[in-house]
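Reading through the structure tokens given below for one structure.
None of the figures in this text is laboratory data; all of them are computed from the coordinates on show. Everything numeric here is computed off the predicted structure, so don't read it as measured data. Cβ atoms come from the backbone with ideal geometry, glycine included; neighbour counts cover every protein chain shown.
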């Protein structure tokens with residue numbers, strides 16, 4: 001099959017990372033995969049085995065997702081959006097996907113609705129009918145108004161053959177964060193969690209015995225890094241490594257380096273071998289995005305989770321609370337974040353019972369391939 005995945009990450013890189021994992025699962029079954037990315041470049045992510053086509057990139061203005069900036073930091077104008085829409089529809093007509101997957105839309109990315117709707121219409125106009133699916137994580141940002149949920153239902157009913165929910169309904173049903181109508185429930189396909197296979201430990205032992213602090217691939221998390229530097233001074237017997245993401249990582253590292261002077265801290269950009277480091281580290285300090293949560297669960301590493309809640313975001317808080325009962329996982333709200341509170345919370349995580357790495361329930365990408373194939377075969 002010819003499979004196209006359309007994704008735009010606006011703040012961190014989690015959406016693109018998950019789309020790439022999904023794309024590789026299709027490629028491993030010898031399907032031809034084209035990933036269309038509309039976010040900023042993320043060279044640290046693995047695109048092997050896939051064809052990646054980038055639209056004119058966008059990012060959000062911090063957590064203001066209705067104010068989108070171009071690659072130069074200017075507010076994107078109509079011409080810029082039109083160019084993206086043209087590029088996307090031309091790619092659909094040229095590639096001719098038999099499976100089209102839109103990541104998050106129509107449950108989010110409403111500011112990009114025009115280009116997604118154009119993509120759906122272009123797909124429907126192809127000579128051969130395509131299977132159209134939405135791909136969503138375990139927890140969504142709840143709709144701020146009932147009309148947004150109603151609109152999503154209407155779009156699903158008009159265009160979509162199904163919704164791939166990358167979760168276990170026994171753990172986090174979609175209804176925990178989104179109103180699920182009878183109509184929507186009939187389109188849901190729970191896949192299990194989407195994560196790459198647990199990696200082997202880092203061959204060079206990088207990260208061994210360290211406290212690793214990360215905040216995803218975007219330009220966020222500065223308060224976490226600042227608190228970590230203060231906590232490191234209160235825990236001088238620990239070795240710390242701070243992994244800083246975003247297009248401005250170099251400048252942020254320079255700023256943090258001044259604060260960290262004299263402390264046992266390594267400051268560097270995000271690393272593609274992070275997952276190989278994680279099982280070796282003494283503890284992880286991070287936010288609680290979907291991909292990070294999967295990494296923590298698979299590694300068994302003690303962890304402090306600091307849910308991202310800027311701009312009234314609640315998704316990570318819901319996920320963190322769902323994980324907080326597990327051994328070795330502590331949750332620290334960003335409103336309570338400081339050097340002393342981080343040091344204390346980290347101490348609790350390190351002194352808790354040892355948590356074994358989880359090995360089951362992470363085959364959501366391969367299950368997604370099975371579901372898409374079943375739907376496609378039923379259509380023929």
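Points worth noting:
- Candidates 192, 108, 23, ranked by Gaussian network fluctuation over the chain, Cα under 10 Å, top entry: 108
- GNM result for the chain, Cα springs below 10 Å: residue of 121, 145, 250 fluctuating most strongly: 145
- Ranked list, fewest to most other Cβ atoms within 10 Å of each Cβ, for 100, 10: 10, 100
- Prolate/oblate/rounded call for the chain, Cα gyration tensor, a/c under 1.5 rounded: prolate
- Gyration tensor (alpha-carbon) shape descriptor, region 304-353, a/c threshold 1.5: oblate
- Rounded to the nearest 10 degrees, the inclination of helix 78-95 to the longest alpha-carbon principal axis of the chain is 70 degrees.
- In plain terms, the chain from residue 234 to residue 251 could stretch by 3.6 nm, reckoned as 0.36 nm per residue minus the Cα-Cα distance.
- Highest-fluctuation residue, 37, 197, 130 considered, GNM on the chain with Cα pairs under 10 Å: 197
- Looking at the chain alone, DSSP beta bridges between its own residues are antiparallel in about 10 percent of cases.
- For the chain, the relative contact order works out to 15 percent when only alpha carbon pairs closer than 8 Å and six or more residues apart are counted.
- Nearest 10 degrees, 0 to 90: helix 249-259 Cα axis against the chain principal axis: 20
- Relative to the longest principal axis of the Cα atoms of the chain, the long axis of helix 222-234 lies at roughly 20 degrees.
- Using C-alpha pairs below 8 Å separated by at least 6 residues, the relative contact order for region 210-351 is 26 percent.
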